[in-house]
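The values are calculated or read from the model by the stated rules, or taken from the named source; none is laboratory data. Only a predicted model underlies this, so the values are computations on that prediction, with no experimental measurement involved. For neighbour counting, all protein chains shown are included, and Cβ atoms are generated from backbone atoms with ideal geometry for every residue, glycine included.
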Amino acid sequence: MDNALFLIFLLLQTLSKVSSVDLGVSIGIGGGGGGGVWIGGGINSPTAPSGTSSSSNLKNAYIALQTWKSSITDDPQGVLQTWVGSNVCSYKGVFCADLQNEFHELRTAIVGIDLNSANLRGTLVKELSFLTDLSLLHLNSNRFTGTVPNTFQYLSSLKELDLSNNHFSGPFPTPTLFIPNLLYLDLRFNNFSGPIPESLFDARFDAIFLNNNNFDGPLPSNLGNSLASVINLANNKFTGSIPFSFGLMDSPKLKEILFLNNQLSGCIPEGIGLWQGLQVLDLSFNSLVGQLPDSLSCLTDIEILNLAHNRFYGEVPDLVCSSLRGLRNLSLAVNFFSGFSQECDKLVFRNVGFDFSLNCIPGRGMQRPEPECSVIPGGGLSCLRIPALSPLVCGTLFETQETSLSPPPP
């Protein structure tokens, strides 16, 4: 019941933001089923029962849900035993609301489906696109296979799509990019593979979760266009460098971005300091190289900065340790850093978790054997680094960077 109440609250919050729709007074929570057991119609879409008083909208919903039910081959918790009869608002996991149009006419519609952790096995069907009032579709922790039907682009009211922790496969599900009002896309813990499209970062998503799949290839060059507050790309097979646009991504919304455990190489873009609202940055378990840019010190809201298990070298900039006053955890472990200042030593007195083990810092314990520190990682690759002012004036960083990259006058 607690989960149901939470979902009702979430639906109310979501629907209240849709200017063309007003929420009515009643919400139906899926409960027990009625009458006899409906038998799926195989490859043919079932027909809504004759004589029903449901609107055409709910008739279409009935067709969609019964077609979907017929494609589900295992239901160990008996969730779909309640999906019987034409009263779709009584189906378990289905949430309805009375919606009011611009003429103040009320109609009942399905606005949410929550089948999280139902352990269902099956596929998604194209008829789900009939649910044009659906705002939330939460299907995490099931055993769905296949991919997302092309017709999902017609789910014009959908704001949240959670397909995480299933067995979906194939290339990136591009129909999700054409769902006009989608804000939350969660594809975590599946078997999607191949490159991700550039249009992903031109969409208006607020949250993008792609971690723990098999995506590969370079990151799209327009990564910096994203308006998302959270981007999780961890535990995939991305290669190449972090796009330069990432360093020019002046998004006040971005709070968390995770690149950990991929196959990324190259340097950290200098312009990373523009993200002054960033709270979590995880670049660990890649093959990134070079010295750290002083502009990291401009991340004044950063709480977790994880650079461990890369090939960074040189001195840790004083400004990084002295300027990040909100820092709670800084991990530099398993790199090739050769030293840091007293400002970094003071982190422990600020209750900051600071891990610098397995580097090349003289006089410190738990460091690499000396022979491993004799070669500069990356063959001495030179990263573009703008000399820091003293102190670094973060507000002028973008102007300085653009100037440094402009071609010389004729």
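Of all residues in the range 278-287, which are more than 17 Å from Leu223 (Cβ to Cβ) and not polar (S, T, N, Q)? Steps first, please.
Kept after step one, since they are more than 17 Å from Leu223 (Cβ to Cβ), are these residues of the range 278-287: 279, 284-285, 287.
Of everything in the range 278-287, just one residue is more than 17 Å from Leu223 (Cβ to Cβ) and not polar (S, T, N, Q), namely Phe285.
Only residues in the range 300-319 that are hydroxyl-bearing (Ser, Thr, Tyr) count as the first member; pair them with residues that are part of a strand (DSSP E or B), Cβ under 8 angstrom, at least 6 apart or cross-chain, and list the lot.
Hits for this filter: Tyr313/Val289; Tyr313/Gly290; Tyr313/Phe336; Tyr313/Phe337; Tyr313/Ser338.
Does the range 184-202 hold any residues that are in contact with a Phe, Trp or Tyr (Cβ under 9 Å, 6 or more places away or on another chain), part of a loop (DSSP other than H, G, I, E, B) and over 22 Å from Asp114 (Cα atoms), and which are they?
Answer for the range 184-202, where residues must be in contact with a Phe, Trp or Tyr (Cβ under 9 Å, 6 or more places away or on another chain), part of a loop (DSSP other than H, G, I, E, B) and over 22 Å from Asp114 (Cα atoms): Pro195, Ile196, Pro197.
Would you point out which residue out of Phe172, Phe201, Phe178 is within 26 Å of Ser221 (Cβ to Cβ), surrounded by fewer than 18 Cβ atoms within 10 Å (Cβ to Cβ) and either of a type in the set (A, V, I, L, M, F, W, C) or touching a Pro at 6+ places or on another chain (Cβ under 6 Å) (or both)?
Values: Phe172 fails: surrounded by fewer than 18 Cβ atoms within 10 Å (Cβ to Cβ); Phe201 fails: surrounded by fewer than 18 Cβ atoms within 10 Å (Cβ to Cβ).
None of the other options fit; the residue is Phe178.
Residues Asn166, Asn181, Asn235, Asn211: which one is under 20 Å from Gly122 (Cβ atoms), in contact (Cβ under 8 Å) with a residue 24 or more places away in the chain and assigned to a loop (DSSP other than H, G, I, E, B)? Steps first, please.
Values: Asn181 fails: under 20 Å from Gly122 (Cβ atoms); Asn235 fails: under 20 Å from Gly122 (Cβ atoms); Asn211 fails: under 20 Å from Gly122 (Cβ atoms).
Just a single option satisfies the conditions, and that option is Asn166.
Residue check: is Asn60 in contact with an Asp or Glu (Cβ under 9 Å, 6 or more places away or on another chain), assigned to a loop (DSSP other than H, G, I, E, B), touching a residue at least 24 places away in the same chain (Cβ under 8 Å) and among the polar types (S, T, N, Q)?
Working: in contact with an Asp or Glu (Cβ under 9 Å, 6 or more places away or on another chain): yes; assigned to a loop (DSSP other than H, G, I, E, B): no; touching a residue at least 24 places away in the same chain (Cβ under 8 Å): yes; among the polar types (S, T, N, Q): yes.
Judged against the criteria, Asn60 is not a match.
Tally time: how many residues in the range 285-326 are of a type in the set (Lys, Arg) and closer than 18 Å to Ser341 by Cβ? Write out each step before concluding.
Residues of the range 285-326 of a type in the set (Lys, Arg): 311, 325.
Now drop any that are not closer than 18 Å to Ser341 by Cβ, which leaves 325.
Going through the range 285-326 one residue at a time, the tally reaches 1.
Quick check on this structure: which one of Ser156, Ser245, Ser221 is part of a loop (DSSP other than H, G, I, E, B) and modelled with pLDDT under 95? Quick ask: steps written out before the conclusion?
Details: Ser156 fails: modelled with pLDDT under 95; Ser245 fails: part of a loop (DSSP other than H, G, I, E, B).
Result: Ser221 is the single residue among Ser156, Ser245, Ser221 that is part of a loop (DSSP other than H, G, I, E, B) and modelled with pLDDT under 95.
Need at least 3 residues that are under 22 Å from Asn232 (Cα atoms) and touching a Lys or Arg at 6+ places or on another chain (Cβ under 8 Å) per element, so show me which strands (runs of 3 or more DSSP E) inside the range 278-376 make the cut, counting only ones lying wholly within it. Quick ask: steps written out before the conclusion?
Details: elements: 280-282, 287-290, 304-306, 311-315, 329-331, 336-339, 353-355.
The qualifying strands (runs of 3 or more DSSP E) are 287-290.
Looking at Phe336, Phe285, which one is of a type in the set (A, V, I, L, M, F, W, C), in contact with a Phe, Trp or Tyr (Cβ under 7 Å, 6 or more places away or on another chain) and in contact (Cβ under 8 Å) with a residue 12 or more places away in the chain?
Working: Phe285 fails: in contact with a Phe, Trp or Tyr (Cβ under 7 Å, 6 or more places away or on another chain).
Among Phe336, Phe285, only Phe336 is of a type in the set (A, V, I, L, M, F, W, C), in contact with a Phe, Trp or Tyr (Cβ under 7 Å, 6 or more places away or on another chain) and in contact (Cβ under 8 Å) with a residue 12 or more places away in the chain.
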